[in-house]
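Everything below concerns the one structure shown next.
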Amino acid sequence: MPDTLPKTDPRRLRRLALVGAAGFALILATGAAARFMSGKDLAAASQDAGVVTVSVVRPTAGEDGALVLPGRLQAWNQAPVYARTDGYLRRWYVDIGQPVKAGQVLAEIDAPEVDQQLVAARAALATASAQRDLAAVGAARWKRLVSENAVSQQEADEKQGDLAAREAMRNEAAANVRRLESLAAFKRIVAPFDGVVTSRDTDLGALISAGGGAPSPLFTVSDTRRLRLYVSVPQSMAASIRPGMTASFATPDQPGQSFQARLVRAADAVDAQSGAMLVQLEVDNAAGLLKPGAYAQVSLDLGKGGLAQAAPATLRVPANTLLFRKEGTAIAVVDNNGKVHIRKVTIAKDHGSELELAGGLAANEWVVSSPPDAIADGDSVRAIQPKPAQNKTAQAVGGAGARG
């Protein structure tokens, strides 16, 4: 039977084998590359997920040369007026808000017991005076008789001693009369100085007890022509305070108006509880617009008043940027590489929602807003800048690139 199968070319077989091997290698390489890229993307995604995203803000300029603090107005002179004698209130002549002059009668007290004691004391004084006069006559007579040897020296000395005792008794009775007259004079309650009645805590028929354990004042008189303005200055600014400084302040009851004050005294001591130094300013209140006891927002001008130097420049940041660490107050700053730096800062002024920092921060730095408690120095973060007014898309700074 003839051989009908064609003969195979060995070179052709080799070419086919090479093509198949190359295709298989290509398939293997493609799979390995796909797996490598997937692993790389997974690692990048994992690393990206581990980076904390934070919001950052720029600090703004503080109030250079001025220190704004709360203060409290008080009357230049203020006196609670108490009763000095017991009795019942017969009549009162002034009420709150009325101006009074020094020595003006504010009220009268009915004190019958004091009146009767005064009558008895005057009668006792008259008796003591009569006895003293009689003793003086006897002593003079015995002195003359002893010179005539009609009586003994002992008897004359006894009469002279009796005169001295009667004199002392008369003086005692006179002193008691003066005491009761003073108590009787206290039945009239008078103003201690020119001012305004700021309180009245009595009424007709009220029982007045001057000897009680904790008596309450019947009236309060305040001199409001001048006022004292008390302000507590933080210790960090205490060295800049000097007498003669000027200040402006405003009160809630006089909106839109600014008043002037002059610093006259400083305590020169820092209160251990508040960490502040108390200063006193003088306010001219001749117009009567300001009220004692009122709250005031005081702006101390640290750049004037003969100071050696003005207050240091400050930067203002939101209050939620503050970190409380064992080392003290601090903030978190993010650099251009997305790295966190913890900065210790000093608070110069507290405005409630914002703080002014006296140091530890530059004006061109980014501060982390509401930083996580676990944030630490050297951490990598993705910092989100605030949205500009002309661009609603937020930009990210740092190594992570820009993100909306």
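The values are calculated or read from the model by the stated rules, or taken from the named source; none is laboratory data. Please read these numbers as outputs of a predicted model, since none were measured by experiment. Every residue, glycine among them, receives a Cβ derived from its backbone with ideal geometry; neighbour counts consider all protein chains shown. Ligands, DNA and RNA are stripped out before the accessible areas are found, and what is left, the full protein with its side chains, is counted by its heavy atoms. Shrake-Rupley method; radii C 1.70, N 1.55, O 1.52, S 1.80 Å.
Some notes on this structure:
- For region 165-172, the count of residues that are within 30 Å of residue 290 (Cα to Cα), touching a residue at least 40 places away in the same chain (Cβ under 8 Å) and out of contact with any Phe, Trp or Tyr (no Cβ under 9 Å at 6 or more places or on another chain) is zero.
- Per the listing 134, 163, the residue uniquely over 28 Å from residue 186 (Cα atoms), in a helix (DSSP H, G or I), open to solvent by 40 Å² or more (accessible area, probe 1.4 Å) and modelled with pLDDT under 90 is 134.
- Only residues that are crowded, with 18+ Cβ neighbours inside 10 Å and either of a type outside the set (Gly, Ala, Ser) or not in a strand (DSSP E or B) (or both) were counted across region 252-278, and they come to 3.
Matching residues to (1) out of contact with any Ser or Thr (no Cβ under 7 Å at 6 or more places or on another chain); (2) buried (at least 17 other Cβ atoms within 10 Å of the Cβ):
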| residue | (1), (2) |
| --- | --- |
| 217 | yes, no |
| 238 | yes, yes |
| 247 | no, yes |
| 250 | no, no |
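- The number of residues in region 101-119 that are open to solvent by 60 Å² or more (accessible area, probe 1.4 Å) and in a helix (DSSP H, G or I) comes to 5.
- Going through (1) in a strand (DSSP E or B); (2) in contact with a Phe, Trp or Tyr (Cβ under 9 Å, 6 or more places away or on another chain) one by one, residue 156 falls short only on (1).
- Sole exception among (1) in a loop (DSSP other than H, G, I, E, B); (2) polar (S, T, N, Q); (3) closer than 16 Å to residue 250 by Cα for residue 299, by number: (1)
- Among the residues of region 188-241, those identified as of a type in the set (A, V, I, L, M) and more than 27 Å from residue 98 (Cα to Cα) are 231, 233, 237, 238, 239, 241.
- Subset of region 219-236 [polar (S, T, N, Q) and buried (at least 20 other Cβ atoms within 10 Å of the Cβ)]: 222, 224
- Scanning region 172-215 for residues that are basic (Lys, Arg) and in a strand (DSSP E or B), we see that the one that is most open to solvent (accessible area, probe 1.4 Å) is 188.
- The lone exception for residue 125 - which of (1) open to solvent by 60 Å² or more (accessible area, probe 1.4 Å); (2) farther than 30 Å from residue 229 by Cβ it fails: (1)
- Residue 246 being in contact with a strand residue (DSSP E or B) (Cβ under 8 Å, 6 or more places away or on another chain), over 22 Å from residue 114 (Cα atoms) and touching a residue at least 60 places away in the same chain (Cβ under 8 Å): no
- Restricting attention to region 53-67 and to residues that are modelled with pLDDT of 80 or more and assigned to a strand (DSSP E or B), the residue that is farthest from residue 360 (Cα to Cα) turns out to be 53.
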